[in-house]
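I have placed the structure first, in the form of structure tokens, so that the comments after it can refer back to it.
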Amino acid sequence: MVTPASVPTSRSRTLPGPGWAYVTGLFLVSALFRFAYAVRDPAPWIFNDEINYSELAQSLAYTGAFAMREVPGAGGFGVLYPILIAPAYVLFDRVPDAYDALRAINSLLMSLTVVPVYLLARRLAGPLPALAAAAFSVAIPALMFTGQTMTENAFYPIVAFWMLAAVRILERPTFAGQLLVLALIGLAFLTRPQAVILAPVLVASIGLLVTLDARDAGGRFLGRLLAGLRAYWVTWALLAVVGGAAVVRQALRGEPLNALLGSYGGVTSLGYEPDEFGSWALYHLAELDIAVGVFPLAAFIVLLLTGLQPSADRAVRIFACLGLFTVGSFLAVVTAFASSSTGDRILERNFFHVSPLLFVALAGWLSGRVRRPWWAVAPAAMLAGSLTLALPVNMFLNGTIVHSTPGLLPIWRWRDRAFSVDSIDEVVACAAIAAAVLFVLVPRALSLVLVAGLAVYFAATTRPVESFTHQTSNGSFVSALGEPRDWIDQAVGRDAKVASLWVGGADAFPYWESEYFNRSVGAAYTVLGAWDGLVHTFKYASLRPDGTILELPSSRPLRLRYVLTDEGTTLRGKRIAQNGVGTMSLFEVGGPVAAVEHYEGLFPDRWSGTSFVYRRYDCEPGMLRLRLENSNAIHRRPFTVQVLQHGSPTDPLRFRVQEQYPSAAIKLVPLRGSCEVVLQIPTGSAEASTPGDFRQLGLRFLSIRYDPSR
């Protein structure tokens, strides 16, 4: 009787010496290339994600324990990635230097993916196709995440190593191999809870493979099936123990099972739209098709169709079983989230981890290990070529794809430079169909044509993707931070205790950027509720009419030495520093914290929208003097600004179109010790003067000054 453990699975898995040399060279080239691009970006920009892991890594490096904004614990976020990047903060005292070191670590982690992908591909192909698969796995647009403080940098290679370990135990279920594959699930889970799906993927893959092997072996089907399942007793035992322990732990704590997912637990309670599930599944598959360049997805479909057939090559069958459930499970999870009320976008960043399986399938296709029967090739080519017909590409070409869907960024750039809004959907569809035709027509003897075509495609996509990320990073830096990035540490020292204070209405980016680059910034106080997703990290306060800030729930005056706040808030004390673009101020208070004045309603460039609000605390009668900038492109005729004090209308402000730099003076009348003025401003489209700026703008506030009555 032949058991699955003893069935030969590949012609050779021995790596020749030059193979390792090429893989090592590929790893080094990838790491250097990615690092060179990453360090061009001056600042992080995917918030609040990048703050999450930066805070955890810095806390671990400086205190030996996890904390976020001085609140102990990991906040439900994965801890493995912060552990991996913490050495950057240990080695470099200045956070800007550690930021570069962090991105070097990211580049090494992401590039490490070439090792498991090469080893996986060697099971179906020779050294050159396997090397191509490894190279393509680090050439996809999603490798842009090496420039960001994001878990993708650890999760991508860990999932690839897990795939390798899973294939090994499907080939031969050894005791050590099963322990390793389960340990990698644990590591992946400690990186991001999305990895919980790897356990059912493993179970389903084993079940399908054992069933197919038992079917093909002849004899008593049930006996062979049970014998095959018994070979994985370690996996069943450990999964049962871990699952049972998780259920008991949550029951004893009185917590639901989804609490084990930490900060991602809420995903299980979102309202999903089943009727939209199919559409979003097609959107994600079509976007993946674009991101990998059509050929790999077509080859993967052929691998699935041929590998699940009776008497299929067992190496191909193993990849078919694992690939079916891995891609299917990742697709189901990402589609469910995308179809929820908080999704509503293509989330490549949660799906691209399956792409190594597609490149391995392409290697098998190129080498001939994956068979090419017409009944498999025809539907594979038709599906891979036509998927983009279901994707309204132009509808998704907007700002959200910069951080969620990097595979569409090149399409966006090519649309604007070579095609048009009206034609881009058809261009993408025609290109995908042409690629599918090539996939069918190019013979194996000319398979280098497919490799070269895919290499050219990835080379062409790299520049647009990096251009978008650099532009976004630089935009955040220029509008929210400026030089020096560690301006607070330079003013008070890295070991000082600086608390941030948010009174309301300000843009969050200057807070995030200043917090990210300065070790001294710790506790976060807020008057009007949490201003980002890290709700558990905030300390709450209230604001009295005289400006005094009270801690909650004690209602005692808040006492701090250094306070970081936005440009719209002035505190009693000495303003000792500002960031390079003037959006944040650092005050030395040295006692009870009190606000003097606060205004809101301005964009970082000081243009208003429809409303501007000014408040002065412990206010005396005086004048609010404004120096403004008007734009003829926005206001083409005379206009009136309505003025309300304490909710009641007062004399309006009237402006002529010819006045580019008008001024205004508003008499302030205190009510119960404070003054409040609201300006209701007519707006117009900024795009009339600045193409691509879709904001509705009113007036630009050049200066805001209070003059008490003499």
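What is the spin-label model distance, in nm, from residue 344 to residue 605 if the labels are put 7 Å beyond Cα along the C-beta direction?
Modelled inter-label distance: 2.6 nm.
How much length, in nm to one decimal, is gained on full extension between residue 448 and residue 70, taken as 0.36 nm per residue of separation minus their Cα-Cα distance? The partial results should precede the final answer.
Values: separation 378, 0.36 × 378 = 136.08 nm, distance 5.57 nm.
Gain on stretching residue 448 to residue 70: 130.5 nm.
Can you compute the label reach from residue 528? Point 7 Å from Cα along the Cβ direction, backbone N cut-off under 20 Å, restricted to the stretch 467-496.
What the label zone holds, given the 20 Å backbone N cut-off, is 480.
Between residue 471 and residue 495, what is the label-to-label distance in nm when each label sits 7 Å out along the Cα-to-Cβ direction?
4.6
How far, in degrees from 0 to 90, does helix 80-91 lean away from the longest principal axis of the Cα atoms of the chain, to the nearest 10?
60
To make sure I understand the rule: partners must be lysines, Cα under 25 Å from the Cα of residue 539, and not fewer than 8 residues away in the same chain. Which ones qualify?
Reachable lysines: 497, 574.
Between residue 629 and residue 93, what is 0.36 nm times their sequence separation minus the Cα-Cα distance? Round to one decimal in nm.
188.7 nm
Could you compute the FRET efficiency for residue 382 and residue 279, with r as their C-beta to C-beta distance and R0 at 22 Å, rounded to 0.05?
0.65
Could you tell me the distance between the Cα centroids of the stretch 156-200 and the stretch 631-684, to the nearest Å?
63
Taking amide H positions as placed 1.01 Å from N in the peptide plane, with prolines and chain starts having none, which residues 5 or more places from residue 569, or on another chain, fall under 5 Å of its amide H?
599
Using Cα-Cα distances under 8 Å and only pairs 6 or more residues apart, what relative contact order does the stretch 603-708 have, in percent?
44
Give a residue-ordered list of calculated ³J(HN,Hα) values for the stretch 491-508 (Karplus: 6.51 cos²θ - 1.76 cosθ + 1.60, θ = phi - 60°; whole Hz; x for Gly, Pro).
Once θ is set to phi - 60°, the couplings for the stretch 491-508 become 7, 10, x, 5, 9, 5, 10, 10, 10, 8, 9, 10, 8, x, x, 7, 5, 6 Hz.
Mind checking the full-extension length gain between residue 687 and residue 705? Use 0.36 nm per residue of separation minus the Cα-Cα distance, one decimal, nm.
Additional length available on full extension: 3.5 nm.
Once amide H atoms are built 1.01 Å from N in the peptide plane, which residues 5 or more positions from residue 619, or in another chain, come under 5 Å H to H?
Here the answer is 674, 675, since their amide H atoms fall under 5 Å of that of residue 619.
Taking only DSSP H segments of four or more residues, each worth -39500 (n - 2.57), what value at 222 nm results for the chain once the sum is divided by all its residues, to the nearest 500 deg cm²/dmol?
Per the formula, -15500 deg cm²/dmol.
Would you kindly derive the ³J(HN,Hα) couplings of the stretch 207-224 from the backbone phi angles with the Karplus curve 6.51 cos²θ - 1.76 cosθ + 1.60 (θ = phi - 60°), listing them in order in whole Hz, with x for Gly and Pro?
Residue by residue, the stretch 207-224 yields x, 5, 4, 4, 5, 5, 5, 5, 5, 8, 7, x, x, 6, 4, 5, x, 5 Hz.
What is the helix-to-structure angle for 175-191, meaning the angle in degrees between its Cα long axis and the longest Cα principal axis of the chain, kept from 0 to 90 and rounded to the nearest 10?
Roughly 20 degrees, rounded to the nearest 10.
Could you work out how far helix 295-307 tilts from the main Cα principal axis of the chain, as a 0 to 90 degree angle to the nearest 10?
Long axis of 295-307 versus the principal axis of the chain: about 40 degrees.
Can you tell me the FRET efficiency between residue 555 and residue 596 if r is taken as the Cβ-Cβ distance and R0 is 25 Å, rounded to the nearest 0.05?
0.75
If you check each cysteine of the chain for another cysteine whose beta-carbon is under 4.7 Å away, which ones come up empty?
Lacking a cysteine Cβ partner under 4.7 Å: 321, 430.
If you average the sequence gap of Cα pairs under 8 Å that are 6 or more apart and divide by the length of the chain, what percent do you get for the contact order?
Result for the chain is 11 percent.
So, in nm, how far is label residue 311 from label residue 29 when the simple model puts each one 7 Å beyond its Cα toward the Cβ?
4.2
For residue 575 and residue 390, FRET efficiency with R0 = 60 Å and r from the beta-carbon atoms, rounded to 0.05?
0.60
Quick one: Karplus J couplings for the stretch 567-582, per residue in order, coefficients 6.51, -1.76, 1.60, θ = phi - 60°, nearest Hz, x for Gly and Pro?
Here the 3J(HN,Hα) series is 5, x, 10, 10, 10, 5, x, 9, 6, 9, 6, 9, 6, x, 10, x Hz.
Compute the relative contact order of the stretch 487-596 as a whole-number percentage, counting only Cα pairs closer than 8 Å that sit 6 or more residues apart in sequence.
26
Order 32-38, 191-197 from most to least packed using the mean count of other Cβ atoms within 10 Å.
Details: 32-38: 19.1, 191-197: 21.0.
Packing proxy ranking, top to bottom: 191-197, 32-38.
Laboratory data are not the source of any read-out in this text; all were calculated from the coordinates shown. Note that the structure is predicted; figures quoted are calculated from it, not measured. We place every Cβ from the backbone using ideal geometry, glycine too, and count neighbours over all the protein chains shown.
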